[in-house]
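Everything on this sheet refers to the single structure shown next.
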Amino acid sequence: MTRSCLVASAALASSCASALADDFASLSASFGVTTVLSGIPHATTNNPDGSAINFWSPSQEGALASSSSLSNPHNAGADAFGNLYIADKSSHSILKITTDGRIHTFAGTHSDGFNGDGPAPATSLHLSNSNGLYVLPNGVVYLLDPGNHRIRRVSTSGVMTTVVNDPDPKWAASGRALWVSPDEQLIYYTHEYSPAFPGGLSDGACVKQWSPSSGISLVCSKAVGFRNPGNLAVHPINGKLYVTDRAEDDASGLAQGLFRIDGPDQRTRITGNSSQPTATDGLPALFSYISQPRGITFLPDGSCFLCGHKDGSVWFMDTSDTLHLYLRGAGKKDSFDLPNGLHPPLTGGNYFSQPRALTLAPNGDLLVVTNDSGFLFKVASVTPHLPSDLSARPSGDGRILLQWSGLFSRASRVQRSWSLSSPDWQTIGAVPGMPTGTPSSFTDSISPDHPRAFYRLAPSL
């Protein structure tokens with residue numbers, strides 16, 4: 001039995017002229033304009049007792065996301081098919097914005113609690129303060145359920161199961177940083193420790209990892225000095241873990257910063273603490289203070305976007321660790337004045353307040369979660385990437401192995417047709433781009449009914 005492979009060409013989609021450069025002007029040219037995806041302002045976001053308001057109502061199910069309330073959202077992600085996912089902490093749910101711009105409940109019941117680990121439909125199981133998530137290009141979603149000390153997985157068929165049940169009795173109902181490897185065999189996450197006495201401050205925080213073979217283990221114990229981790233990401237070049245520490249309860253500001261994890265209980269500071277000057281465009285990150293760093297996402301060359309909650313802005317840090325102001329925001333109050341159609345850099349005024357998380361979607365869009373009221377907006381990528389070296393060969397186990405050189409942070413949709421005379425391209429998978437030097441791959445089962453199959457790659461939506 002033979003099969004042939006159709007290698008994607010420029011006629012299928014435009015290719016990226018080059019990887020995103022660390023030059024700020026080139027970076028700015030690689031993104032387009034802003035679009036507000038969801039969120040509306042509220043006069044207050046807290047109940048009289050100080051707890052956060054759950055703004056979700058049944059009338060929002062299926063409504064336009066652009067006119068729907070969010071409830072203290074903490075993170076967002078996307079799959080390769082154009083769907084967006086939001087960790088909506090105070091509605092105890094994960095929300096999904098489909099390609100028609102409408103919002104739906106994806107996981108959780110909008111009520112705080114616990115009613116089982118599954119497997120069960122994701123919308124039938126309670127979540128508690130769900131404030132972290134990680135989305136794989138194929139639509140599998142991992143989410144943090146800190147109030148229940150769990151990490152959950154939602155399959156592409158909508159079934160939720162518990163992957164990690166962390167029994168640590170001192171895990172406070174907080175934690176928002178989550179990363180999952182492409183093969184789902186390694187998870188990094190963070191959590192804070194409950195106050196040492198009622199009404200006190202958090203008793204520090206830790207960074208942990210989980211694998212199917214080893215279970216839960218510490219990466220950094222609280223002795224390292226983490227207080228209130230915001231988010232984490234893995235560097236595409238050196239493979240190391242980077243963690244932001246908001247350290248909200250550290251009035252001195254000395255514990256705040258971005259850190260690189262160099263080994264068990266070993267970290268290196270990347271941005272300055274409060275003893276350094278306030279961050280300014282063009283300064284080295286190590287000598288710049290970003291108040292309460294919270295969001296981080298890497299680009300293919302190892303540069304990254306950073307945001308600070310009280311700093312209020314989104315920064316670009318190039319590969320020489322120099323900061324460039326990309327989106328200016330406020331660190332106080334709940335203002336939001338970001339029209340659609342603006343092209344960053346936007347530095348002339350405060351367009352939003354208190355950013356929480358940054359993510360690169362599989363198509364390269366920058367997703368930003370911000371404000372107490374809760375807004376999600378994107379800065380569209382204008383440099384689609386489509387590999388030109390797709391190859392196919394039998395793998396020896398009744399399957400076909402496809403391989404290509406992907407671009408980190410970009411995903412490709414794998415499409416198949418049984419004929420080129422009248423091609424009917426069907427999407428059969430979505431695969432992330434891997435770090436430099438590691439090919440992306442996908443396996444397809446041989447069909448006895450079809451002696452040949454043709455494949456191509458399409459960019460993420």
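The values are calculated or read from the model by the stated rules, or taken from the named source; none is laboratory data. For clarity, every value in this text was computed on a predicted model and none was experimentally measured. Every residue, glycine among them, receives a Cβ derived from its backbone with ideal geometry; neighbour counts consider all protein chains shown. Accessible surface is based on the protein model in full, side chains and every heavy atom, while ligands, DNA and RNA are left aside. Shrake-Rupley method; radii C 1.70, N 1.55, O 1.52, S 1.80 Å.
Using R₀ = 30 Å, calculate the FRET efficiency as 1/(1 + (r/R₀)^6) where r is the Cβ-Cβ separation of TRP425 and GLU61; round to 0.05. The pair TRP425/GLU61 has a calculated efficiency of 0.40.
Remark on segment 42-133: Rg and Dmax equal 13.0, 41 Å (Cα only). Distance between the C-alpha centres of segment 419-461 and segment 148-202: 34 Å, rounded to the whole angstrom.
When you count, for each residue, the other Cβ atoms within 10 Å and take the mean per peptide, how do 254-262, 189-197, 365-373 rank with the highest first?
Details: 254-262: 20.9, 189-197: 19.3, 365-373: 24.7.
Per-residue mean Cβ counts within 10 Å order the peptides as 365-373, 254-262, 189-197.
Ellipsoid fit via the Cα gyration tensor, segment 258-382: semi-axes of 23, 17, 14 Å, each the root of five times an eigenvalue, largest first.
Which semi-axis lengths, in whole Å and largest first, follow from the square roots of five times the eigenvalues of the Cα gyration tensor of segment 36-79?
On the way: eigenvalues 83, 34, 20 Å².
The answer is 20, 13, 10 Å, longest axis first.
DSSP assigns beta bridges within segment 144-289; of those with both partners inside it, close to 95 percent run antiparallel.
Taking a label point 7 Å from the Cα of LEU286 along the Cα→Cβ vector, which residues of segment 238-264 have an amide N closer than 16 Å to it? So the set is 257-262.
Listed cross-link partners LYS96/LYS170; LYS96/LYS333; LYS222/LYS310; LYS333/LYS378; LYS170/LYS333 are compared with a 29 Å cut-off, the Cα-Cα value being larger for LYS96/LYS170; LYS170/LYS333. Along segment 31-43 the Karplus relation, 6.51 cos²θ - 1.76 cosθ + 1.60 evaluated at θ = phi - 60°, assigns HN-Hα couplings of 10, x, 10, 7, 9, 7, 9, 6, x, 9, x, 9, 5 Hz to successive residues, with x for each Gly and Pro. Put simply, the chain fits an ellipsoid with semi-axes of 35, 25, 23 Å; these come from the alpha carbon gyration tensor as the roots of five times its eigenvalues, largest first.
Rounded to whole numbers, the Karplus 3J(HN,Hα) couplings from phi for segment 253-265 are x, 6, 8, 6, x, 9, 10, 9, 8, 9, x, x, 6 Hz, using 6.51 cos²θ - 1.76 cosθ + 1.60 with θ = phi - 60°, and x at Gly and Pro. Here the 3J(HN,Hα) profile of segment 175-187, calculated from phi with Karplus coefficients 6.51, -1.76 and 1.60 at θ = phi - 60°, is x, 9, 9, 8, 9, 10, 5, x, 8, 6, 9, 8, 10 Hz, Gly and Pro shown as x. Computed on segment 330-459, the Cα convex hull volume stands at 161 Å³ per residue. Using a probe of 1.4 angstrom and keeping all protein chains present, the accessible surface of segment 274-390 works out to 31 square angstrom per residue.
I'd like the distance separating the alpha-carbon centroids of segment 207-239 and segment 31-61, in whole Å. Result: 30 Å between the Cα centres.
For segment 94-134, the mean projected area of the C-alpha convex hull, equal to one quarter of the hull surface, is 3.4 nm². Mean residue ellipticity at 222 nm, helices only, the chain: -500 deg cm²/dmol; runs of at least 4 DSSP H residues each add -39,500 (n - 2.57), and the sum is divided by the number of residues. Working note: Debye formula, equal point scatterers on the alpha-carbon atoms of segment 239-309, no solvent; log10 I(q)/I(0) at q = 0.21 Å⁻¹ is -0.90. Sorted largest first, the principal axis extents computed over the alpha-carbon atoms of segment 121-224 equal 43, 28, 19 Å.
In segment 42-200, the inverse of the mean reciprocal separation of distinct Cα atoms equals 15.9 Å; this is its Kirkwood hydrodynamic radius.
For ARG176, nonlocal amide neighbours, meaning residues 5 or more places apart or on other chains whose placed amide H falls under 5 Å from its own, are THR190. Spin-label model, THR44 to ASP337: label points 7 Å out along the Cα-to-beta-carbon direction sit 2.5 nm apart.
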